[in-house]
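Peer 1: There's a structure below that I have some questions on.
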Amino acid sequence: MNTIIVPLADAYGSKRDEPDDSPSSLFASAIKTCIDSFKCDKSDYHVNFIKEKSKHDEDHDTSRTYLIVNKDAAVDAVRGNQNADATCLVVAYFTVGLSSIIVDERRLTKKKAKKVGSYHYSRDGSIGCYAIGEICRSDAYSSSDMPGEVILGLCVDMLSEAQNIVGGRLVLVDSKECVFKALYEPFGFKELYVENAEKIEGVPLITSYYRL
């Protein structure tokens, strides 16, 4: 399957003075339709995020969301193909941003900070890092169509591009234990700690890290 990565901001960014049948307007309309009908039975949280919260976070520079788009479906949308299924346009999405972690005895000791590769931290004892906020695949596609490790790889590649511009080393992600074991750990992420206070759908989260 041929795919392209489209920033959410670009997908919503058709110009107001463009006619409704312009390629950018047709594409933006198809993206909105697909997001409105986005389904992932495994996680209501991730469905609600892409539908209700992603654009708000984008507008307020809290994070950046990227859509993995089916290229063939995108072509149909731009051409205004009336028979095209807009619900198949977005294959998956991921969200990235900035975060920090406090060096303290409860979460991350100075010794462990050096072990994960962070020798420098600010005066308040925090280490700046990149963060993976969300990763989710649409139910319109199977794991064989778009494996989780491929989505994660595209996400890490995006952060590597940021690293080339501004530096940085660590990537943090919070996830359920089952997701950590199935996706992040095989990719090379290492567990930092379990945060019982932070939960997704009532399940405590594992905070893990990856070195770019």
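Peer 1: I'm trying to understand the selection: among the residues of the stretch 54-87, which are surrounded by fewer than 17 Cβ atoms within 10 Å (Cβ to Cβ) and part of a helix (DSSP H, G or I)?
Peer 2: Filtering the stretch 54-87 down to residues surrounded by fewer than 17 Cβ atoms within 10 Å (Cβ to Cβ) leaves 56, 59-62, 71-72, 75, 78-83, 85.
The answer is HIS56, ASP59, LYS71, ASP72, VAL75, VAL78.
Peer 1: Moving on to the next point. Name the residue that is nearest to MET146 (Cα to Cα), counting only residues in the stretch 28-64 that are modelled with pLDDT under 90 and of a type in the set (Gly, Ala, Ser).
Peer 2: Applying the filter and picking the extreme gives ALA30.
Peer 1: Could you look through the stretch 175-207, keep only residues that are under 22 Å from SER126 (Cα atoms) and open to solvent by less than 70 Å² (accessible area, probe 1.4 Å), and pick out the one that is modelled with the highest pLDDT?
Peer 2: PHE189
Peer 1: Out of the residues in the stretch 143-174 meeting the condition of being without any contact (Cβ under 8 Å) to a residue 12 or more places away in the chain and open to solvent by less than 50 Å² (accessible area, probe 1.4 Å), tell me which one is nearest to ASP36 (Cα to Cα).
Peer 2: Per the stated criteria, the residue is PRO147.
The values are calculated or read from the model by the stated rules, or taken from the named source; none is laboratory data. Note that the structure is a prediction, hence the values are computed from the model and not measured. Using ideal geometry, Cβ is built from the backbone for each residue, glycine included, and neighbour counts are taken over all protein chains shown. Side chains are part of the model used for accessible areas, which takes the heavy atoms of the whole protein and leaves out ligands, DNA and RNA. Shrake-Rupley method; radii C 1.70, N 1.55, O 1.52, S 1.80 Å.
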